[in-house]
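Q: Would you mind keeping the following structure in view while I ask a few things?
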Amino acid sequence: MKLDHAVSAFGALSQQTRLKTLRFLVRKAPDPVPAGDIALAMDVPQNTMSSHLSILVNAGLLQSTRSGRSILYTVDLDGLSDLVTYLVADCCQGQPENCSAIVNSIIPKHELTEV
């Protein structure tokens, strides 16, 4: 990920509704959610939510697909992964094993042992 893409993604997430929306869609992943349902869940008017969703799509954090008259949104797991990786890629002077606290906080220990 290039710096300008990371800045765009962080800029998109620097607004409270957009950050809450991303977290909401992360919890729903991989299921797509209609824009109207997202607006309802976030208690935001649909036209305002449409703007927020567009910003998140343009930042590479969400994907959208049309289904009839609805637009469905899902978190772009590759885009989100790229952003998190960008943050920790050079962790601990190139020794990422020293950053186990970060990894352990993202993935609960019981998930690491399950197959």
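Q: I need the shape label for the range 4-49. Rule: rounded when a/c is under 1.5, else prolate if a/b > b/c, else oblate, with a, b, c from the alpha carbon gyration tensor. Numbers along the way, then the final one.
A: Working: a/c = 2.32, a/b = 1.44, b/c = 1.62.
Verdict is oblate for the range 4-49.
Q: Once Lys and Arg get +1 and Asp and Glu get -1 on their Cβ, which of T21, I106, T48 lies farthest toward the positive end of the dipole of the chain?
A: After comparing all options, I get T48.
Q: What's the extension gain from S67 to H5 if we count 0.36 nm per residue and subtract their Cα-Cα distance?
A: Details: separation 62, 0.36 × 62 = 22.32 nm, distance 2.84 nm.
Gain in length upon complete extension: 19.5 nm.
Q: A further question follows. Quote the relative contact order of the chain in percent (integer), defining contacts as alpha-carbon pairs under 8 Å separated by 6+ residues. Display every interim value, and only then the final one.
A: Details: 101 pairs, mean separation 28.5, N = 115.
Normalised by residue count, the contact order of the chain is 25 percent.
Q: Just checking my list [x] 13, 39, 30, 15, 3; [y] 12, 34, 21, 12, 10, 7, 3, 0; [z] 14, 46, 30, 9, 1, 0 against P(r) over Cα pairs in 10 Å bins from 0, in percent computed from this structure; which label fits?
A: Correct label is [x].
Q: Additional query: With only Lys, Arg, Asp and Glu charged, each at its Cβ (+1 for the first two, -1 for the last two), find how big the charge dipole of the range 3-79 is about the Cα centre; round to the nearest 20 debye.
A: Values: 7 positive and 6 negative charges, 35 e Å.
Computed about the Cα centre, the dipole is about 160 debye.
Q: How large is the helix-only mean residue ellipticity at 222 nm for the chain, computed as the sum of -39500 (n - 2.57) over DSSP H runs with n ≥ 4, divided by its residue count, in deg cm²/dmol to the nearest 500?
A: Rounded to the nearest 500, the figure is -18000 deg cm²/dmol.
Quick note: the coordinates plus some simple rules give every number you see, no bench work behind them. Predicted model, so just to flag it, every value in this text is computed and none were measured. Glycine also receives a Cβ, built like all others from the backbone with ideal geometry; neighbour counts cover every protein chain displayed.
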